[in-house]
1. Looking at Gly153 and the list (1) part of a loop (DSSP other than H, G, I, E, B); (2) loosely packed, with under 15 Cβ neighbours inside 10 Å, which single condition is not satisfied?
2. What about Pro332, is it touching a Ser or Thr at 6+ places or on another chain (Cβ under 6 Å) and at pLDDT 95 or above?
3. Here are some residues: Gln58, Gln95. Which one is polar (S, T, N, Q) and within 30 Å of Glu149 (Cβ to Cβ)?
4. Looking only at residues in the range 85-105 that are surrounded by fewer than 17 Cβ atoms within 10 Å (Cβ to Cβ) and not polar (S, T, N, Q), which one is farthest from Val23 (Cα to Cα)?
5. Do the conditions hold for Ser318, that is, is it under 20 Å from Asp358 (Cα atoms), assigned by TED's automatic domain parsing to the domain that holds Arg131 and either in contact (Cβ under 8 Å) with a residue 24 or more places away in the chain or surrounded by 22 or more Cβ atoms within 10 Å (Cβ to Cβ) (or both)?
6. Can you find a residue that is more than 30 Å from Val223 (Cα to Cα) and either at pLDDT 95 or above or part of a helix (DSSP H, G or I) (or both) anywhere in the range 286-305?
Amino acid sequence: MSVRLDTKRDPDGGWYDRYVELVDDEGRVVKEFGKNPTLNELREAEREYGERINLWQQGLICSDCGNQINERFSADLEGNLLCWDCASEEDSSDQSGLRVNADPTKSVLSESKLYEKSLCDYVINVATGCRHGCKFCYVPSTPAIQNREEMLGDKAGVEDGQQEWGSYLLYRDDLPERLNEGLQDNPWEDWDKTDRGRGVVMLSSGTDCYQDKRAAQITRSCVHELVSNDVPVRILTRSPNLLRDMDLFRKAGEYVTVGMSIPSFDDELVRAMEPNAPPPMQRWKALEKLSKNQVRRFVSFSPTYPTMDEEEIHEALSWFSALGPEVVFHEPINPRGANFEMCVEAAENAGRQQLADDLRSMEDESIWKEYALEHIKLVRDCARRFDNIQIHSWPSRDLVRATKGETRSWLLTLREEVSPEQHPQ
């Protein structure tokens, strides 16, 4: 059954004073929203009926100024719809210590160098910022944050995008509508594709696309738009919230691959480095449910820490083996930028002094090189003990530059490999 929004004018009200309904393809009312449905109600109806509901030019009204929503929009903290003019004038709201607002980003889908890791050719980020606040996250050091200091200051009072990572989040609520428009003008067949990225679109590289309900709603709508246009999608998250979209994943079949980032099963370590993210076992259990529902899945075993020995790595891989993943991506931690110093501080604050000392020692490039090479080899060697784990290693450019001879050639070979997954062409 296909559904769409419909509005009926209130005869006792003004022109834009209308009742909003959801009707099927024969015009029968299947759901009544009343006069002012919230964005949450509208997006949840998509999930309830398994259909995309485009919110542009549907007679929906801005809760602030009363104008019709025909182009960009957002919502306030209570979910009331706002036209873009009103949303742009909103001050950030505090949500349990998280500064929340609308993201003015104009881009919808961006080309990405993550094809170098065989992840994707394009990325979609459903928000700017991330509530997880992972200490090792590289995103605050990228142009997406560093070149937007003025915007982040205006929209969320951010003074230091790196140090405040985890305390601000700007949502891109109208992203599905803009994606729909873009896909009509630029079909996937015409996109540029690389051999390693294979035209895959990833959600998300700069934020967790399932970190909360609002982000999850944007994600579902975007994934629906993409797979409906035969675009292969990769989802990477740390949140079991992804299970809310099991129906969509099952329906999408080969067009969706879903992965979890699980760097360790040491709860204390993960809590120190990823202070607001769900525990690792919750992530594993979510992947287990995907496995039972035959949804394509992968694991990001990244970053691994210098205190992790062969026994701990083997144990983690044994848990991954039980999931039957198509691939396990692996990357050792890289001591770069201000985020690395934040990792050292987090380890010290958590009482993990050995980890803090090991991390700090890696500021010496030779020590870091020795650790990184050891872990790449160790993970790959341990994986050979399982008949259903394929490792795709991510040696960084820094590591390649720090090596020579046969070791450099080996690392370059790993960098050029294509992950073993099969994606629609």
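The values are calculated or read from the model by the stated rules, or taken from the named source; none is laboratory data. Computed from a prediction, not measured in an experiment: that's the story for all the values here. Note: ideal-geometry Cβ built from the backbone for every residue, glycine included; neighbour counts use all protein chains shown.
1. Every condition holds for Gly153 apart from (1).
2. yes
3. Details: Gln58 fails: within 30 Å of Glu149 (Cβ to Cβ).
Of the residues listed, the single one that is polar (S, T, N, Q) and within 30 Å of Glu149 (Cβ to Cβ) is Gln95.
4. In this case the residue turns out to be Gly97.
5. Numbers: under 20 Å from Asp358 (Cα atoms): no; assigned by TED's automatic domain parsing to the domain that holds Arg131: yes; either in contact (Cβ under 8 Å) with a residue 24 or more places away in the chain or surrounded by 22 or more Cβ atoms within 10 Å (Cβ to Cβ) (or both): yes.
It is false that Ser318 is under 20 Å from Asp358 (Cα atoms), assigned by TED's automatic domain parsing to the domain that holds Arg131 and either in contact (Cβ under 8 Å) with a residue 24 or more places away in the chain or surrounded by 22 or more Cβ atoms within 10 Å (Cβ to Cβ) (or both).
6. yes
Rundown of residues vs (1) among the hydrophobic types (A, V, I, L, M, F, W, C); (2) in contact with a Lys or Arg (Cβ under 9 Å, 6 or more places away or on another chain), yes/no style:
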residue: Ser2; (1), (2): no, no
residue: Asp12; (1), (2): no, no
residue: Val23; (1), (2): yes, yes
residue: Gly59; (1), (2): no, yes
residue: Gln68; (1), (2): no, no
residue: Arg99; (1), (2): no, yes
residue: Asp103; (1), (2): no, yes
residue: Lys113; (1), (2): no, no
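Results for (1) crowded, with 16+ Cβ neighbours inside 10 Å; (2) within 16 Å of Cys83 (Cβ to Cβ); (3) not polar (S, T, N, Q), shown as yes or no for each residue.
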position	(1), (2), (3)
Asp10	no, no, yes
Gly13	no, no, yes
Thr38	yes, yes, no
Gly50	no, no, yes
Cys65	no, yes, yes
